[in-house]
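The values are calculated or read from the model by the stated rules, or taken from the named source; none is laboratory data. Note that this is a predicted model, so its numbers are computed, not measured. Cβ: placed from backbone, ideal geometry, glycine included. Neighbour counts: every protein chain shown.
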Amino acid sequence: MKKATISVLILIMIATLLSACGSKNESSGESSSGSSGGEKKIEVAVLMPNAGDPYFQSKSYGYLDEAEKLGINIKLYNAGGYDKLPEQIQQIEDMTTRKVDGIIFTPTDTSATIPAIEAAIDAGIKVINDDVLIWDSDKIEARVSENSFEVGVQEGEMIVEALGGKGNVVMMKGPSGVDLARKREEGAKSVFAKYPDIKILVEDYHLNDIPTANQLMEDYLQALAGKIDAVYTLGTQSAVGVVTALQSAGLKPGEIIVTTIDHTPEIEQMIRDGWVYGSVVCEPVKVARIAVQNVVKMIKGEPVEKMTYSGSQKVTKENIDTFDRSGIFTPEGWDPTSLYN
């Protein structure tokens, strides 16, 4: 009888220990995943061409803030510039090897990156093509962007308005091989074509950064002295480079019309001071939020729109204090510099 009692006690102790171990393992699964029921957290990689651009810094806030709201893991990867194609292809290949659940992808080049991103899709990774759009791939299921052609139309309209339908324009079109740049260019030219007295003196593709734009504008001022009435720029970095060149040349605000796309506090001040006539304001934070929402839906097997456009608006001195700022700016003091991989 004594032996039987001891045996029963031993069995009870073993059962208790097994139950405790099971509870401990279950608890550890929840802690490591950060989600209920021990489910693995969705992991998404965001691949950007040029995180140094204020536009992509604004988008970074949208990506991270929306990911936090949805309870997913998200990491930001910076290629380092539109000329860093090999670096971005390596990032795509690394994400494919890691088997992340989703990729939000803004390409450095809309043709050369196709094989790598299609390989990721073939590996079962859900891909959202974001902002700089790839159209030559049937495997990309969903895209999110501004309507780049319409954005170009709006910038062209501002130039025509500022010049009264007559004048000489220089077009600084941004990086070659980027669909967004080409669509914006086409939109602006569709407006210029309606005005016979609007002449394009020169047009160039170039890196969208301040030093490159500054040097290019200095060259234009020397080669086309006294002939330039307006400058079309792809984005804020180029506009800042152009304005710096105009200031160095001793020109006054408004002597040459400068327009741009997107909005930063620096561009806002230049509009107020008259150095920049106006900007077409897109919605980088909103675009980023939509991209995160859509990639999560795709990962969960839910349907998404094949093409989602955000809005844009023209901003000049006349409406600088009243335009809709939602979907554009990040919280004051927010700095994503240390967050890029």
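Yes or no: region 320-330 includes at least one residue that is of a type in the set (A, V, I, L, M), part of a loop (DSSP other than H, G, I, E, B) and out of contact with any Ser or Thr (no Cβ under 8 Å at 6 or more places or on another chain).
Among the residues of region 320-330, at least one is of a type in the set (A, V, I, L, M), part of a loop (DSSP other than H, G, I, E, B) and out of contact with any Ser or Thr (no Cβ under 8 Å at 6 or more places or on another chain), which makes the answer yes.
Suppose we filter region 257-270 for residues that are crowded, with 23+ Cβ neighbours inside 10 Å and modelled with pLDDT of 95 or more; how many remain? Quick ask: steps written out before the conclusion?
Applying the first criterion (crowded, with 23+ Cβ neighbours inside 10 Å) to region 257-270 yields 258-263, 267.
When the remaining residues are screened for being modelled with pLDDT of 95 or more, the result is 258-261, 267.
The total comes to 5.
Select from region 298-308 the residues that are surrounded by 16 or more Cβ atoms within 10 Å (Cβ to Cβ) and not in a loop (DSSP other than H, G, I, E, B) and list them in ascending order.
Within region 298-308, 298, 299, 308 meet the criteria.
Might you let me know whether region 293-310 holds any residue that is charged (D, E, K, R), in contact with a helix residue (DSSP H, G or I) (Cβ under 9 Å, 6 or more places away or on another chain) and over 27 Å from residue 164 (Cα atoms)?
Checked against the condition, which is being charged (D, E, K, R), in contact with a helix residue (DSSP H, G or I) (Cβ under 9 Å, 6 or more places away or on another chain) and over 27 Å from residue 164 (Cα atoms), region 293-310 yields at least one hit.
Residue 152 passes all but one of (1) in the same structural domain as residue 99 (by TED's automatic domain parsing); (2) closer than 12 Å to residue 232 by Cα; which number fails?
Answer for residue 152: the failing condition is (1).
Could you please let me know if residue 203 is of a type in the set (D, E, K, R), within 22 Å of residue 49 (Cα to Cα) and either modelled with pLDDT of 95 or more or assigned by TED's automatic domain parsing to the domain that holds residue 131 (or both)?
The answer is no for residue 203.
Can you tell me how many residues within region 46-63 are charged (D, E, K, R) and under 15 Å from residue 88 (Cβ atoms)?
At the first step, the residues of region 46-63 found to be charged (D, E, K, R) are 53, 59.
Now restrict to residues that are under 15 Å from residue 88 (Cβ atoms): 53.
Total meeting the criteria: 1.
Condition check ((1) touching a Lys or Arg at 6+ places or on another chain (Cβ under 9 Å); (2) buried (at least 23 other Cβ atoms within 10 Å of the Cβ)) across all residues:
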position	(1), (2)
73	yes, no
76	no, no
84	no, no
89	no, no
104	no, yes
122	yes, no
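Let's see how each residue does on (1) within 23 Å of the chain's Cα centre (by Cα); (2) not aliphatic (A, V, I, L, M):
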site	(1), (2)
186	yes, yes
189	no, yes
194	no, yes
206	yes, yes
221	no, no
237	yes, yes
246	no, no
261	yes, no
287	yes, no
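Of the residues that sit in region 319-341 and are in contact with a helix residue (DSSP H, G or I) (Cβ under 8 Å, 6 or more places away or on another chain) and small (Gly, Ala, Ser), which one is surrounded by the fewest Cβ atoms within 10 Å (Cβ to Cβ)?
Residue satisfying both the conditions and the ranking: 326.
Is region 172-190 home to any residue that is surrounded by fewer than 18 Cβ atoms within 10 Å (Cβ to Cβ), modelled with pLDDT under 95 and in contact with a Ser or Thr (Cβ under 8 Å, 6 or more places away or on another chain)?
For region 172-190, residues surrounded by fewer than 18 Cβ atoms within 10 Å (Cβ to Cβ), modelled with pLDDT under 95 and in contact with a Ser or Thr (Cβ under 8 Å, 6 or more places away or on another chain): absent.
If you go through region 129-149 one residue at a time, do you hit one that is over 19 Å from residue 304 (Cα atoms) and surrounded by 20 or more Cβ atoms within 10 Å (Cβ to Cβ)?
yes
Identify, by number, the condition in (1) modelled with pLDDT under 95; (2) of a type in the set (Phe, Trp, Tyr); (3) part of a helix (DSSP H, G or I) that residue 82 doesn't meet.
(3)
How about region 92-107: which of its residues are closer than 17 Å to residue 291 by Cβ and of a type in the set (S, T, N, Q)?
106
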